[in-house]
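Heads up, the thing below is written out as structure tokens.
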Amino acid sequence: MAHARISMYLPLDINPTQAAIAYGCRALPKLNEELQSEDLLTRQKALMALCDLMHDPEHVYVAIDTGCLESLKALLKDNNDMVRIKTTEVLYIMATHNVGREGFLEHDVIRNAPQSACRKNLHLAFKHVAQLPSGAQGIVNSGLIPSLVWKLQREEEEIQGLLLDTLAACLMEDATEALGSHVVPFLKQKLLSTNDDIRSKAARTLIAVSIPLEGKNQVWQHDVIPILVHLLKDKVEEVQANAAGALMYATVTTQGKYAALDTEAIHPLLSLLGSSLSKARLNATKALTMLAEAPEGRKFLQSRVPVFRVLEDDTSEAVRRAAQIAVKVIEWKP
């Protein structure tokens, strides 16, 4: 026979660590009020609830509209470690959506980020913000680039990878501050890492660094080109492709061309023309075109023109176009 006894346990669908979510359009305004509560437990529960809700971009839009970002900015400076950690987690989840990244820029969240706490979530958020050109420019304008470069030497490898992702995007917009913060010597060290991912991302960041003339000059001055040539023979194809991309820019200058020729870059670059990665074939073709502008490089490559002719039928339109330009440069006569 059943008894009218009330259970001492919570229902199965109730999470005691999470704030109760109000119904409908009242949900996020109520959570925003709880984020501003003086009661620590209330703030923590509200953040736990937000972590779940922010996976939906519609909720992100409403959260920004109701002022949650301003509340989260204030919580980044909270005295409680758990509150700061969960705050950066909420921000990271919001940053995975376009509307969240745009909200970061509009509400200037980047400037208010803590420098010492919750680093992984913080750098995940930066990585997602930098995916938008306006987001990358926003990080540059916030004056954070010297700090991000400095952290490359001190963070654990997982966070170094996130830093390199962010820097690669930001330096495509403007590499001036990074070049003034010794980014090239730091990246040179990362190219020698035993971690495949770090080597690949460091080479990709060097591509962005080498776009301005000052970057090209520093890559040559710090003897990075011999390391990039060595990486053309790396066991990881992505590393090879990114190293070829960095060489493509670094060899635009005369000093860069002859530094690459002196380290016998032509042979490993020719090997990459048969790579399964179209990016590797493209970067290698363009780098060889740069080397063909030097008389010594052009003379050596004249016997390799048939290899470039084959690439004129490549599946990638960019590779086909690059191969046609390479043939013109190699066959050019003064």
What's the total number of residues in segment 205-217 that are in a helix (DSSP H, G or I) and surrounded by fewer than 22 Cβ atoms within 10 Å (Cβ to Cβ)? 4
What do you reckon, is Phe300 surrounded by 23 or more Cβ atoms within 10 Å (Cβ to Cβ), at pLDDT below 95 and either within 27 Å of the chain's Cα centre (by Cα) or assigned to a helix (DSSP H, G or I) (or both)? no
Could you grab me the full set of residues in segment 218-234 that are over 24 Å from Cys170 (Cβ atoms), assigned to a loop (DSSP other than H, G, I, E, B) and over 22 Å from the mean Cα position of the chain (by Cα)? Asp223, Lys233
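Is segment 306-313 home to any residue that is part of a loop (DSSP other than H, G, I, E, B), modelled with pLDDT under 95 and over 20 Å from Ile207 (Cα atoms)? Full working, then the answer.
Taking segment 306-313 as the starting set, the residues that turn out to be part of a loop (DSSP other than H, G, I, E, B) are 312-313.
Now narrow it down to the ones that are modelled with pLDDT under 95: 312-313.
Subsequent filtering for residues that are over 20 Å from Ile207 (Cα atoms) retains 312-313.
The answer is yes, given that some residue of segment 306-313 is part of a loop (DSSP other than H, G, I, E, B), modelled with pLDDT under 95 and over 20 Å from Ile207 (Cα atoms).
For Pro133, are the conditions met, namely being modelled with pLDDT of 85 or more, of a type outside the set (D, E, K, R) and touching a Gly at 6+ places or on another chain (Cβ under 8 Å)?
no
Is it the case, given these coordinates, that Ile14 is at pLDDT below 80, β-branched (Val, Ile, Thr) and open to solvent by 70 Å² or more (accessible area, probe 1.4 Å)?
Yes.
Which one is surrounded by the fewest Cβ atoms within 10 Å (Cβ to Cβ), of the residues in segment 268-285 that are part of a helix (DSSP H, G or I) and within 22 Å of the chain's Cα centre (by Cα)? Even if it seems obvious, please write down each step before you answer.
So the first thing to find is which residues in segment 268-285 are part of a helix (DSSP H, G or I), and the list is 268-272, 278-285.
Right, trim to within 22 Å of the chain's Cα centre (by Cα) and you get 278-280, 282-283.
Numbers: Ser278: 15, Lys279: 18, Ala280: 26, Leu282: 26, Asn283: 28.
The selected residue is Ser278.
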If I filter segment 151-190 down to residues being of a type outside the set (Val, Ile, Thr) and modelled with pLDDT under 90, which single residue comes out as farthest from Arg119 (Cα to Cα)? Gln153
Quick check on my filter: what residues within segment 181-204 are open to solvent by less than 60 Å² (accessible area, probe 1.4 Å), assigned to a loop (DSSP other than H, G, I, E, B) and not hydroxyl-bearing (Ser, Thr, Tyr)? Asn195
Quick check: is even one residue across segment 67-83 open to solvent by less than 40 Å² (accessible area, probe 1.4 Å), in contact with a Cys (Cβ under 7 Å, 6 or more places away or on another chain) and closer than 25 Å to Val140 by Cβ? no
Which numbered condition Ile139 fails, given (1) modelled with pLDDT of 90 or more; (2) farther than 27 Å from Pro268 by Cβ; (3) crowded, with 20+ Cβ neighbours inside 10 Å: (1)
Residue satisfying all of: in segment 319-334; closer than 15 Å to Met248 by Cβ and touching a Lys or Arg at 6+ places or on another chain (Cβ under 9 Å); surrounded by the fewest Cβ atoms within 10 Å (Cβ to Cβ) among these: Ile325
Given the structure, is Val252 over 16 Å from the mean Cα position of the chain (by Cα) and surrounded by fewer than 22 Cβ atoms within 10 Å (Cβ to Cβ)? yes
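The values are calculated or read from the model by the stated rules, or taken from the named source; none is laboratory data. Please read these numbers as outputs of a predicted model, since none were measured by experiment. Cβ sites come from the backbone with ideal geometry, for glycine too, and all protein chains shown count toward neighbours. The area values use the complete protein model at the heavy-atom level, side chains included, leaving out ligands, DNA and RNA. Shrake-Rupley method; radii C 1.70, N 1.55, O 1.52, S 1.80 Å.
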